[in-house]
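K.L.:
I have a structure I would like to understand better, so I am pasting it below and will then ask my questions one at a time.
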Amino acid sequence: MCGRFTLRASAKDFVEVFGCPPAEDHSHSLFNIAPSQLVTAIRTSAGSRARAAARLRWGLIPSWADDPAIGNRMINARAETVATKPAFRHAFRRRRCLIAADGFYEWRRDGRRKQPFYISLADGRPFAFAGLWDQWKQGGEPIESCTIITTEANDLVHPIHDRMPVILSRESYDTWLDPTIEDVERLASLLKPYPAQEMQAYPVSTLVNAPANDLPECIARIAESSPADEKAAASKVSSRKMPQDRQLWLE
């Protein structure tokens, strides 16, 4: 699965990697993006191939849903069933997007503990998860939301977790974003594990376990630590003020 990730891309990175400027409220680095928060997605429209960034709620709410709370269970879609599962099949054909990131977290179970790892491209550059989006409205303002597609883990990630998010190659962006392409087999062929030799993974502090900890320390490499080490690290940052926008997202 994919339950946390990071995005520290500059405006220049957005243009170079994603082919468009960032969303208007893209203003600071995010070290611990969690479900239900706003994420940056890149989309095109049927009448234009121009890309545009938007801020979408993480956790897809299908347009037909009675309750938007369903999005809390829809943060990921499995590549093996995304084309047929009712919650995702329409979006898979017509509402695909790129979700901007530069790393993600997975947890390896070590006995009764779970050790978090930070995983990124070896060169640290931003990349795009394969995503889907939808719009939900029942009175009031519409909610635009998204999900991240996952696949089986590659050789680097597999010792940590058996699933990983689909990271798309830049060469596949146009195909994935084109809403006129509905060939399921062609689209499904893009949903494969990213080459392990082009990635890196290392252990990080359990600070990342709490969504409120949006801190550079979340991605700092550590020696695999004991509970005492983690308690000491947490005490060093507990007094820091959480960014106001993150407080709002977590309410």
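The values are calculated or read from the model by the stated rules, or taken from the named source; none is laboratory data. Keep in mind it's a predicted model, so treat the numbers as computed, not measured. As a convention, Cβ positions derive from the backbone with ideal geometry for all residues, glycine included, and neighbour counts pool all protein chains shown.
K.L.:
Any residue in the stretch 159-177 that is under 16 Å from PHE104 (Cβ atoms) and in contact (Cβ under 8 Å) with a residue 40 or more places away in the chain sitting within a Cβ distance under 7 Å of a residue that is of a type in the set (Asp, Glu) and assigned to a strand (DSSP E or B)? List the pairs, counting only those 6 or more apart or interchain.
P.N.:
ILE160/GLU106; HIS161/GLU106; ARG163/GLU152
K.L.:
Another one. Is it the case that the stretch 11-33 has a residue that's in contact with a strand residue (DSSP E or B) (Cβ under 8 Å, 6 or more places away or on another chain), of a type in the set (A, V, I, L, M) and part of a helix (DSSP H, G or I)? Full working, then the answer.
P.N.:
Initial filter on the stretch 11-33 (in contact with a strand residue (DSSP E or B) (Cβ under 8 Å, 6 or more places away or on another chain)): 14, 17-23, 25-26, 29-33.
Subset that is of a type in the set (A, V, I, L, M): 17, 23, 30, 33.
Right, trim to part of a helix (DSSP H, G or I) and you get 17.
Looking through the stretch 11-33, at least one residue is in contact with a strand residue (DSSP E or B) (Cβ under 8 Å, 6 or more places away or on another chain), of a type in the set (A, V, I, L, M) and part of a helix (DSSP H, G or I).
K.L.:
I've got another one for you. Among the residues of the stretch 73-86, how many are surrounded by 13 or more Cβ atoms within 10 Å (Cβ to Cβ) and either modelled with pLDDT under 95 or part of a helix (DSSP H, G or I) (or both)?
P.N.:
First pass over the stretch 73-86, keeping only residues surrounded by 13 or more Cβ atoms within 10 Å (Cβ to Cβ): 74-80, 82-83, 85.
Restricting the remaining residues to those that are either modelled with pLDDT under 95 or part of a helix (DSSP H, G or I) (or both) gives none.
Here the count works out to 0.
K.L.:
Additional query: For the list (1) within 29 Å of ASP214 (Cα to Cα); (2) without any contact (Cβ under 8 Å) to a residue 60 or more places away in the chain, I need the number of the one condition that THR84 fails.
P.N.:
Only one criterion in (1) within 29 Å of ASP214 (Cα to Cα); (2) without any contact (Cβ under 8 Å) to a residue 60 or more places away in the chain is unmet by THR84, namely (1).
K.L.:
Need pairs with beta-carbon distance below 8 Å; first residue part of a strand (DSSP E or B) and within the stretch 90-102, second of a type in the set (Ser, Thr, Tyr); sequence gap 6+ or separate chains.
P.N.:
Once the first residue is part of a strand (DSSP E or B) and sits in the stretch 90-102, its partners that are of a type in the set (Ser, Thr, Tyr) give LEU98/TYR173; ILE99/THR40; ALA100/THR40; ALA101/THR6.
K.L.:
Same structure, new question: May I ask you to list the residues in the stretch 193-209 that are crowded, with 16+ Cβ neighbours inside 10 Å, assigned to a loop (DSSP other than H, G, I, E, B) and within 19 Å of the chain's Cα centre (by Cα)?
P.N.:
PRO193, TYR194, VAL204
K.L.:
Something else now. If we keep just the residues of the stretch 38-72 that are modelled with pLDDT under 95 and polar (S, T, N, Q), which is farthest from ALA212 (Cα to Cα)?
P.N.:
Among residues in the stretch 38-72 that are modelled with pLDDT under 95 and polar (S, T, N, Q), the one farthest from ALA212 (Cα to Cα) is SER48.
K.L.:
Next up: Being under 23 Å from ILE181 (Cα atoms) and either surrounded by fewer than 18 Cβ atoms within 10 Å (Cβ to Cβ) or at pLDDT 95 or above (or both) narrows it down to one residue among ALA101, ALA122, ALA128; which is it?
P.N.:
Numbers: ALA101 fails: under 23 Å from ILE181 (Cα atoms); ALA122 fails: under 23 Å from ILE181 (Cα atoms).
ALA128 is the lone residue from the list that is under 23 Å from ILE181 (Cα atoms) and either surrounded by fewer than 18 Cβ atoms within 10 Å (Cβ to Cβ) or at pLDDT 95 or above (or both).
K.L.:
Tell me whether the stretch 212-229 contains one or more residues that are at pLDDT below 55 and surrounded by 14 or more Cβ atoms within 10 Å (Cβ to Cβ).
P.N.:
yes
K.L.:
Now a separate question. Could you tell me which residue of the stretch 2-38 is nearest to the chain's Cα centre (by Cα), considering only residues that are under 16 Å from SER120 (Cβ atoms) and among the charged types (D, E, K, R)?
P.N.:
Top of the filtered list is ARG4.
K.L.:
A follow-up question, please. For ASN154, only one of the following conditions fails: (1) of a type outside the set (Ser, Thr, Tyr); (2) more than 26 Å from ASP214 (Cβ to Cβ); (3) modelled with pLDDT under 95. What is its number?
P.N.:
(3)
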